[in-house]
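K.L.:
Please see the structure below; I have some questions.
The values are calculated or read from the model by the stated rules, or taken from the named source; none is laboratory data. These figures come from a predicted structure and were not determined experimentally. Every residue, glycine among them, receives a Cβ derived from its backbone with ideal geometry; neighbour counts consider all protein chains shown. Each accessible area value is taken on the protein alone, full model and side chains, heavy atoms only, with ligands, DNA and RNA left out. Shrake-Rupley method; radii C 1.70, N 1.55, O 1.52, S 1.80 Å.
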Amino acid sequence: MAAAEGAFLAARELARRDGSGALRLAQRAAGGTGSVVWDAALVLGRFLERSCARRRLRLARRAVLELGAGAGLVGLLAACLGANVTVTDLEEAQDLLRMNIESNRHLVTGSICAKVLKWGEDVTDFLPAPDYILMADCIYYEESLEPLLKTLRDLAGPETCILCCYEERTVGKNPEVEKRYFELLQRDFELEKVPLDEHDEEYRSEDIHIFSIRRKRTDCQS
Ligand SMILES: C[S@@+](CC[C@H](N)C(=O)[O-])C[C@H]1O[C@@H](n2cnc3c(N)ncnc32)[C@H](O)[C@@H]1O
């Protein structure tokens with residue numbers, strides 16, 4: 001049985017901030033962590049909408065790549081804001097991702113496609129470097145950190161802006177994993193925390209953070 005034919009949970013609906021329609025994302029009961037829409041995706045998606053509406057961010061006609069896209073909410077919102085988006089995730093997430101893209105395609109003003117990208121693997125198919133890399137709730141297990149950071153190093157060009165949103169968790173190994181991620185990240189990247197008052201007024205939370213991340217400039221670039 002194909003993965004997307006598994007039992008479904010209630011779909012997640014999100015009205016567009018500008019009132020132009022509502023995205024409807026199917027979610028599955030079984031499968032990996034990418035089977036449902038996580039809160040960090042809602043926070044990042046709404047941040048994109050708010051920032052574009054305030055002209056602090058321009059996604060129209062920009063090349064956007066999303067890592068660990070799961071059910072696809074963030075990438076779909078970026079595509080609704082006019083970006084040319086490639087959403088990526090593991091093979092097992094592709095059925096649901098593609099299904100959600102098709103059922104929301106009428107709202108897309110840019111373009112969107114789904115591809116397999118396992119962190120740490122070859123990224124040649126995804127180059128040249130995108131203008132934006134988006135990540136929602138992708139920092140959560142230790143074994144993924146090195147491969148994820150390799151993918152960021154391989155994909156990000158000097159002008160690429162990485163927007164990384166994650167939910168801070170206090171249980172188990174999570175604090176350790178988050179700490180290690182930021183240690184490793186700062187070897188090659190500079191980061192800036194997006195203040196909470198720049199997040200969407202409704203979709204924000206003290207424990208969900210957004211970072212804007214850029215590759216460190218080398219001497220010959222400065
Ligand atoms: C917690 S979910 C977040 C999904 C989505 N971004 C959201 O916030 O709703 C983490 C996502 O990362 C993906 N993922 C985990 N390990 C991965 C890897 N090694 N390579 C690519 N994707 C991976 C999972 O399949 C899943 O979709």
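K.L.:
Between LEU196 and LYS118, what is the label-point separation in nm under the 7 Å Cα-to-beta-carbon projection?
P.N.:
3.9 nm
K.L.:
Further, regarding this structure: Can you sort LEU117, LEU191 by 1.4 Å-probe accessible area, starting with the largest?
P.N.:
Descending order: LEU191, LEU117.
K.L.:
What is the antiparallel percent of DSSP beta bridges lying wholly in the chain, to the nearest 5?
P.N.:
45 percent
K.L.:
Let me ask something else. GluC sites (Glu not before Pro), restricted to region 174-222: which are DSSP loop and have at most 11 other Cβ atoms within 10 Å?
P.N.:
Working: sites: GLU176, GLU178, GLU183, GLU190, GLU192, GLU198, GLU201, GLU202, GLU206; in loops: GLU201, GLU202, GLU206.
In loop regions of region 174-222 (DSSP not H, G, I, E or B), the sparsely surrounded GluC sites (Glu not before Pro) are GLU201, GLU202, GLU206.
K.L.:
Between SER111 and LEU127, with labels modelled 7 Å along Cα→Cβ, what's the label distance in nm to one decimal, could you check?
P.N.:
Taking the two extended label points, one gets 2.1 nm.
K.L.:
For region 143-183, with all protein chains present and a 1.4 Å probe, just round the carbon and sulfur fraction of the accessible area to a whole percent.
P.N.:
Values: 1000 of 1900 Å².
Ligands and nucleic acids excluded, carbon and sulfur give 53 percent.
K.L.:
Per residue, how large is the accessible surface of region 3-215? Use a 1.4 angstrom probe and give square angstrom.
P.N.:
I get 46 Å² per residue for region 3-215.
K.L.:
At 0.36 nm per residue, and after removing the present C-alpha to C-alpha distance, how many nm does the segment from GLU142 to SER205 gain when stretched out fully?
P.N.:
20.3 nm
K.L.:
What FRET efficiency comes out for ALA11 versus ARG217 if R0 is 35 angstrom and r is the Cβ-Cβ distance? Round to the nearest 0.05.
P.N.:
Result of the calculation: an efficiency of 0.20.
K.L.:
Going highest first, how would you order 67-75, 13-21 by mean Cβ packing within 10 Å?
P.N.:
My ranking of the peptides, most packed first, is 67-75, 13-21.
K.L.:
On to the next question. Rounded to the nearest 500 deg cm²/dmol, what is the calculated helix-only ellipticity per residue at 222 nm for the chain, with -39500 (n - 2.57) per DSSP H run of length n ≥ 4?
P.N.:
-8500 deg cm²/dmol
K.L.:
Could you work out the relative contact order of region 3-215, using alpha carbon pairs under 8 angstrom and six or more residues apart, expressed as a whole percent?
P.N.:
19 percent
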